[in-house]
Amino acid sequence: MADIRDVFRDLEPELPELLEPVRLGLAPSMLLLFTADGDPAKLHFVPDPTVKAHVPCPGARCPVCYVGDPPVRVHLLPVVNVRTRAVEVLRVPHRRGPGTLATLLLPHFDDEDLQDKLFVVTRDGARHGVEVQPLGERADRCTAAIEGFRKAREEGLSLLVAFPEYSAAELGEVPEIRRMLDAVGGWDPPENGSGA
């Protein structure tokens, strides 16, 4: 038997639950932006039903890169999803131009009242829409979620935790990627199983 007080006294405080990526689509996502500080990343979208997610590129010897599908460079930005009232991770591709998320969001980061605005974001293919509305005086600004996130960042939380991580060897065994590798004559995974 163990006294619950003894068990929990020795445990380190945990970081917040695993971050989730924001899933943009035709239905509006209501977001609160609270910082311009994020993480650069290179992501692949793996459509195979066993993965069906954006995954970080494992780097050298990446099987997805090997079959001619380079990663997309993005800036991972922490935002509050109003529906979940939690900090989530928004992928902002490094593309500029009409209808791109970066072009639509960047001007707002110079606004001193950034935290007092609601961003309604939609996506239709590669084209985004952003509407900005002022938050009312009594609106929930989710300060507890933001402060918890900031504390976790100070303790080393990476925004990449919102995306499943695969080694190069593991990606090479995803059925759809394996079929592409076999079609181009095969591929040998790295000796150590990592991407480097």
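The values are calculated or read from the model by the stated rules, or taken from the named source; none is laboratory data. Small disclaimer: the values here were computed from a predicted structure and weren't measured. All Cβ positions, even for glycine, are placed from backbone atoms using ideal geometry, and neighbour counts span all protein chains on display.
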Original post:
Of the residues LEU105, LEU114, which single one is closer than 15 Å to THR35 by Cβ, within 17 Å of the chain's Cα centre (by Cα) and hydrophobic (A, V, I, L, M, F, W, C)?
Top reply: LEU105
**OP:** Name every residue in the stretch 70-88 that is under 30 Å from ARG179 (Cβ atoms) and in contact (Cβ under 8 Å) with a residue 60 or more places away in the chain, in order of residue number.
**Re:** LEU76
Subject >> Search result, residues across the stretch 106-135 that are out of contact with any Pro (no Cβ under 9 Å at 6 or more places or on another chain) and under 21 Å from ARG150 (Cα atoms) >> reply: HIS108, PHE109, ASP110, ASP111, GLU112, LEU114, GLN115, PHE119
**OP:** Name, by its number, the condition in (1) farther than 17 Å from ALA41 by Cβ; (2) among the hydrophobic types (A, V, I, L, M, F, W, C); (3) surrounded by 18 or more Cβ atoms within 10 Å (Cβ to Cβ); (4) without any contact (Cβ under 8 Å) to a residue 24 or more places away in the chain that does not hold for LEU104.
**Re:** (4)
**OP:** Mind checking which helices (runs of 4 or more DSSP H) fall wholly inside the stretch 77-188 and carry at least 2 residues that are more than 23 Å from LEU18 (Cα to Cα), of a type outside the set (Ser, Thr, Tyr) and at pLDDT 90 or above?
**Re:** 101-105, 168-172, 175-183
